[in-house]
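Here is the structure we will look at, set down as C-alpha cells.
The values are calculated or read from the model by the stated rules, or taken from the named source; none is laboratory data. Note that the structure is a prediction, hence the values are computed from the model and not measured. Cβ: placed from backbone, ideal geometry, glycine included. Neighbour counts: every protein chain shown. Ligands, DNA and RNA are excluded from the accessible area calculation, which covers all protein heavy atoms including side chains. Shrake-Rupley method; radii C 1.70, N 1.55, O 1.52, S 1.80 Å.
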Amino acid sequence: MLKNFWYAVEFADRVGREPRKVTCLGQDFVLYRTESGAVVCLSDLCVHRGGALSMGTVNGDCITCPYHGWQYNAEGVCVRIPANAAERTIPRKARVDNYPTLERHGMVWAFLGDLPEAERPPIPEIPQWDDPAFRAVEYEMVVDANYERTFENVVDASHTPFVHGTAFGNPSKPEIPDFRVSQTDWSAEADIQLSPPPPKGLWGLLSRGKPRPEYVTVTNAWYLPNIVKLHVRLPIGDLILYDFNIPLSQDRTLVKILGFRNFFTGAWADANARKRIEKILLQDRPVVESQRPELLPFDLSDELHVRSDALQVAYRRRRAQLIKQGWWVQGDDIITGDGPRRTATVIPSPARRDNPELASAWVHKARNGGTPQ
Ligand code: FES
Ligand SMILES: [Fe+2]
C-alpha cells in the first residue's frame, strides 16, 4: 500500500456532524464536520486505551472518546481529561494523528502521509462533476481481494469479453488493437478500441435505430494511488466511471464508484445506471477474489505480460519507483486486521514533521515500509 497520497475515503454527502468511521490502508479514521462545515480526519484510535473515537460524540469542533471521555480538538490534540484533577496538566503525548482533508468532486479526500503541502501528488480532475450535462450516481461494494488486483482489473481491457460476455464485451471479437499509453508521474491513459455488444434492456430500446459502430473507443486511465477511469462511448452517449479502490486491509477492498452519464439524465434512470454498474462488479468479483497470489507481485517477471497489458505494466513500473523512494507501507502490521494485535501503528501525519520537538511524543509508532523482497 502506498502512503503520501490523497485518498478519496468517503462520498462527501455522507459526512456530517456525527462521527463517521472510515477505513483505508488498513487503518481506521474518524471523519466529522466542524461547526463551520470543514471535514476533520483523525486517527480513530484514542491514545489512552485505544477506544474508537468514531463511537464517541462531537461537541463544538471537538470529539470525545466514548471510553473515558478524553476530548480531542480538530487538530487531534487532547484538550480535556475528565478524570484528572483540575490542576493536572495534559501530557503532550495526548494527541492523535490529524490528516489534511479536501472536499472535491463529491468526495472527501484525506492526505494519508506526512509530506509537506507543496510536495503532495495531485488529486485527479473529474470535470464531469461540475458539468451540468452529466448526471452522477454513487455506488459501492466490498470485494474480498487486494486493492491492486481490483484496480488492475478495471484498466484491463482484454478480460472484458470473457468476464463480461455480451453484457459489456463481445466474445466473438476479443483482439485488442495496439494502443499507445500516455503517462505522467501520477497517471496513465490509453484509448482502446473495443468491439461493442448490442445494447440491451432500457438502453437498447431507447437506442434502436441508431447506427452501431464496429469499434468504440474506450478510454482507460489510472491515477495513483488507486483510481481508475473508464470512459465508454455508447451510441446513446458517454458513460464515465471513476472507480476508487480503497484498501480496507491487504485482502479486502471497498470499491466506490462515481458513475457519470450524459444521456437519460433524469433521476428516473439512476436506479438502472446503478444496476448496470453492480452487474459489471458482480461479474468481476469472483475472478479477482480467486487470483493467486492474492497480493500483486513486486517483481514484474513473476507474472507474464502481453501487449494488451500495457497499462498494468506501466502501473507496476511506477509503483516500483515509489517503493524505492520509501512510500510503501506494509499491510501486515495493521491494527484492524483479522486478529487482535498488541502493537498499534499508524500512517504518520504531517504533524509529526511539523513539530520535530514532538518526535518522541507520539504514542502510536509510524507504520514502516517493511522490505519488499
Ligand atoms: S480510551 Fe479513550 S479516553 Fe480512555
Ligand atoms: Fe471487469
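Quick check on this structure: which one of 173, 210 is surrounded by 14 or more Cβ atoms within 10 Å (Cβ to Cβ), away from ligand 2 (no atom under 14 Å from the Cβ), assigned to a loop (DSSP other than H, G, I, E, B) and touching a residue at least 12 places away in the same chain (Cβ under 8 Å)?
On the way: 210 fails: surrounded by 14 or more Cβ atoms within 10 Å (Cβ to Cβ).
Residue meeting the stated conditions: 173.
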Within the stretch 90-107, which residues are within 11 Å of ligand 1 (Cβ to nearest atom) and under 29 Å from the mean Cα position of the chain (by Cα)? 96
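Does residue 110 satisfy being assigned to a loop (DSSP other than H, G, I, E, B), closer than 28 Å to residue 356 by Cα and away from ligand 1 (no atom under 16 Å from the Cβ)?
Details: assigned to a loop (DSSP other than H, G, I, E, B): no; closer than 28 Å to residue 356 by Cα: yes; away from ligand 1 (no atom under 16 Å from the Cβ): yes.
Here the answer is no, as residue 110 does not meet what is asked.
Given the options 337, 326, 331, name the one that is modelled with pLDDT under 90, open to solvent by 20 Å² or more (accessible area, probe 1.4 Å) and under 25 Å from residue 249 (Cβ atoms).
Details: 326 fails: modelled with pLDDT under 90; 331 fails: open to solvent by 20 Å² or more (accessible area, probe 1.4 Å).
Only one candidate qualifies: 337.
Tell me, yes or no, whether the stretch 113-125 has at least one residue that is closer than 19 Å to residue 283 by Cα, away from ligand 1 (no atom under 16 Å from the Cβ) and not in a helix (DSSP H, G or I).
Looking for residues that are closer than 19 Å to residue 283 by Cα, away from ligand 1 (no atom under 16 Å from the Cβ) and not in a helix (DSSP H, G or I), one finds none in the stretch 113-125, hence no.
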Among the residues of the stretch 220-239, which ones are open to solvent by less than 10 Å² (accessible area, probe 1.4 Å) and not aliphatic (A, V, I, L, M)? 220, 222, 225, 226
(1) within 16 Å of ligand 1 (Cβ to nearest atom); (2) open to solvent by 40 Å² or more (accessible area, probe 1.4 Å); (3) under 24 Å from residue 358 (Cβ atoms); (4) free of Cβ contacts under 8 Å to residues at least 24 places away in the same chain: which one isn't true of residue 87, the others all being true? (1)
Flagged in the stretch 30-46 as surrounded by 23 or more Cβ atoms within 10 Å (Cβ to Cβ) and assigned to a loop (DSSP other than H, G, I, E, B), in numbering order, are 44, 46
Answer from 262, 245 - the residue that is within 16 Å of residue 127 (Cα to Cα), among the polar types (S, T, N, Q) and crowded, with 16+ Cβ neighbours inside 10 Å: 262
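Can you go through 151, 162 and tell me which one is among the aromatic types (Phe, Trp, Tyr), at pLDDT below 95 and either out of contact with any Leu (no Cβ under 6 Å at 6 or more places or on another chain) or surrounded by 15 or more Cβ atoms within 10 Å (Cβ to Cβ) (or both)? Even if it seems obvious, please write down each step before you answer.
Details: 151 fails: at pLDDT below 95.
After ruling out the rest, the residue left standing is 162.
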Report every pair of residues separated by at least 6 positions or lying on different chains whose Cβ atoms are under 8 Å apart, first residue within the stretch 135-160 and within 15 Å of ligand 2 (Cβ to nearest atom), second polar (S, T, N, Q) and part of a helix (DSSP H, G or I). 143/150; 152/312; 155/312; 156/312; 157/308; 158/308; 159/153
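Only residues that are within 15 Å of ligand 1 (Cβ to nearest atom) and outside any strand (DSSP E or B): list them for the stretch 64-84, please.
Of the residues in the stretch 64-84, the ones within 15 Å of ligand 1 (Cβ to nearest atom) are 64-73, 76-84.
Scanning the stretch 64-84 gives 65, 66, 67, 68, 69, 70, 73, 76, 81, 82, 83, 84.
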Output the number of the condition that residue 92 fails; it satisfies all remaining conditions of (1) modelled with pLDDT under 95; (2) farther than 18 Å from residue 43 by Cα. (2)
Quickly run through the stretch 62-80 and pick out the residues that are surrounded by 16 or more Cβ atoms within 10 Å (Cβ to Cβ) and either within 16 Å of ligand 2 (Cβ to nearest atom) or touching a residue at least 24 places away in the same chain (Cβ under 8 Å) (or both). 63, 70, 72, 74, 76, 78
